[in-house]
Each structure stands twice: as structure tokens, then as C-alpha cells.
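Engineer: Sharing a structure below in C-alpha cells format, with a few things to ask.
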């Protein structure tokens, strides 16, 4: 009996260790780091992350979800500092939308080297040392934007591409897709400006659009904007110059309150729309799966849609234009 008791104690100790490991696996701190925190696109990613947390906690997990990112989408140093801070805190996983495809490589690879899984969302990284990449096919999105803009001007005329900012992989891919289609498919369309950058805010985009429209306003037929702040900046500039309402066609990217309002009014002729809520949702879910040593997909395409005034009331389109932010961000 005396010899049996130590063995029994050993068994209980092993069971206790096992339960401890299982408990730890269900108690996770996950950091979600967007490119910025002011635009509605990032709020949708936040809402998706909260949705995942809610579902996981209903399954018995305890998720400490931390949402933190730079205020401006051109503050590389601040985003790097945020990532490094979470590495130092030894969080269980990071969901990251890198605002610079190169500048964020080193901190992401550092996280991976200390066994903190990183899931990349929205915008790519010049590295493959991450757990998964969950995003739109941005190049295809740019191609679809070009097709739609070309159709709105009947394949003939002059167009402007207003770029976002250097280093943003997602918008650079959209711009490349746009140029590919316009250059190779539509010989009756001339791109009269493609090197102007709008910058990270609606105000900077508005100023850039004003400058371009003052220069080309009498000859341009259409404009492509590769993300939410640029779309809104261009739309406001067109309104101020009396060129909105389809006089100069505008095709933009992403669904924000102002750009969707412009779509309904006819000031925007089309929006290429992603599913950022799905990105945030799948990002958090992927971190949990990695923590359980499950195999996950290296790349996940969350889909892309061209939405117009004519189809915006269709149920599947409506849900993308009006994500339920209030339901998750209280």
C-alpha cells in the first residue's frame, strides 16, 4: 500500500499537469493590431475580432482581446513599437495588419522566433514567417475596379489613378491590378496621372485630389481610388468642384459611411468592397487554432465584390456596406 501511494501521487500530479496545460490553452491573450484606428475599415476588423471572442467564450475559452494600433496609418515606428511591446508581454498571439510590408518584417519574425504566432490580415508582408495570411485578393480587386471604371466611360477617355502611400502592400497590389487592366485591355483609355500619392488621411487625399482635378479637371473622365480615405477625399473634391454626380466617374475601394452615402447619391459609381469583419473574425480564430497545435491554411481569401447603386440593396451586398459595428463595439 505504501509503495502504491507514491505512484498514485505521481498519477495525480500528471493529471494536474495535463489539466493545467488544457486550462492554459483555453486562457489566451490575443493582440489585434490594425494599421490605424480612425477609419471605419479598421473598426470592422475590430468588430470581427470581438465576434470571434464572443463565440469562443461561449465554447469555454477565456479570451483577453487587446485592440491597439497607431492613430495614423503612416506611423511605422509606432506600429513597430506596439508589436514589440506585445512580444515583451508574451501575449499568446498577434493579429496584425502591417502598414509597411518591409518595416514590419523584423518584429514579426522576432515574434515567431519566441513562439508567438502572428496572423497577418488585410495587407501582405515581405516574409513567409507568419502563421497565416487572411486577406482580399487585392490585385484582383484592382483589376475589377479598372473593369468597372472602364465600363462606366464606355472604354474611351482619360483616367487618373490616385495612389495611397509607399509601403502599403494591399493598396500597391490594387494599384498594380488597376494599371494592368487599363494598360493591356483598354487601348481607348489613357492614364493621364498615376504617380500622385494621397497620403494616409481623408484631408491629405482631399488636397491631393484638388491639386489633380485643378490640373486635369477639364479632360479627365474617371478616377480610381484604392482605399477608403482616398475614395472619400476624391469624392469631396469632386463635389466642391461641381464635378460629382457622375460628371467625372469615381470608382473607389472599401465601404465607409461617407463613401456608401456617395454611392447612394450617385457621386460614386462603384465601390470594390472587402470583408474586413471576416478578416478580424478569422484572424482571432486562427490564433486559437494555432494555440491548439492545429494545422491552418497559410493563405485565406476573404472575397471581393463590386457594389453599385443598382445592386447595393441586395442582401449580401447590404451586409458588406453596413457591417453591424454597434452589435460588437459597445
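The values are calculated or read from the model by the stated rules, or taken from the named source; none is laboratory data. Everything numeric in this text was worked out from a predicted model, so none of it was measured. Here the Cβ positions follow ideal geometry from the backbone for every residue, glycine too, while neighbour counts run over all protein chains shown.
Engineer: Among the listed residues 202, 215, identify the single one that is closer than 22 Å to residue 74 by Cα and out of contact with any strand residue (DSSP E or B) (no Cβ under 6 Å at 6 or more places or on another chain).
Structural biologist: It is 202.
Engineer: Could you tell me which of the residues 88, 81, 58 is surrounded by fewer than 14 Cβ atoms within 10 Å (Cβ to Cβ) and under 25 Å from residue 166 (Cα atoms)?
Structural biologist: 81 is the lone residue from the list that is surrounded by fewer than 14 Cβ atoms within 10 Å (Cβ to Cβ) and under 25 Å from residue 166 (Cα atoms).
Engineer: Among the numbered criteria (1) crowded, with 21+ Cβ neighbours inside 10 Å; (2) in the same structural domain as residue 289 (by TED's automatic domain parsing), which single criterion is violated by residue 142?
Structural biologist: Every condition holds for residue 142 apart from (2).
Engineer: Give all pairs with beta carbons closer than 7 Å in which a residue from region 256-279 that is farther than 13 Å from residue 307 by Cβ meets a residue that is outside any helix (DSSP H, G or I) and at pLDDT below 95; count only pairs at least 6 apart in sequence or on separate chains.
Structural biologist: Short answer, once both residue conditions are applied: 277/323.
Engineer: Go over the candidates 251, 260 one by one and state the one that is surrounded by fewer than 24 Cβ atoms within 10 Å (Cβ to Cβ), within 20 Å of residue 164 (Cα to Cα) and assigned by TED's automatic domain parsing to the domain that holds residue 235.
Structural biologist: After ruling out the rest, the residue left standing is 260.
Engineer: Looking at region 88-128, which of its residues are touching a strand residue (DSSP E or B) at 6+ places or on another chain (Cβ under 7 Å) and assigned to a helix (DSSP H, G or I)?
Structural biologist: The answer is 108, 111, 112.
Engineer: What pairs come out if I take residues in region 62-77 that are closer than 14 Å to residue 283 by Cβ and pair them with residues that are modelled with pLDDT of 95 or more and assigned to a loop (DSSP other than H, G, I, E, B) whose C-beta lies under 7 Å away, six or more apart or interchain?
Structural biologist: 69/34; 69/35
Engineer: Would you mind telling me which numbered condition in (1) free of Cβ contacts under 8 Å to residues at least 24 places away in the same chain; (2) in a loop (DSSP other than H, G, I, E, B); (3) within 21 Å of the chain's Cα centre (by Cα) residue 296 fails?
Structural biologist: (1)
Engineer: List, please: which pairs have Cβ atoms under 8 Å, are six or more places apart or on different chains, and start with a residue in region 175-189 that is touching a residue at least 60 places away in the same chain (Cβ under 8 Å) and end with one that is surrounded by 17 or more Cβ atoms within 10 Å (Cβ to Cβ)?
Structural biologist: Going by the 8 Å Cβ cut-off, there are no qualifying pairs.
Engineer: Among the residues in region 32-46, are any farther than 17 Å from residue 302 by Cβ, modelled with pLDDT of 95 or more and buried (at least 18 other Cβ atoms within 10 Å of the Cβ)?
Structural biologist: yes
Engineer: If a residue must be surrounded by fewer than 19 Cβ atoms within 10 Å (Cβ to Cβ) and under 19 Å from the mean Cα position of the chain (by Cα), how many such residues does region 61-76 contain?
Structural biologist: So the count comes out to 6.
Engineer: Give the number of residues within region 299-326 that are under 20 Å from the mean Cα position of the chain (by Cα) and part of a loop (DSSP other than H, G, I, E, B).
Structural biologist: Adding up the residues that qualify gives 6.
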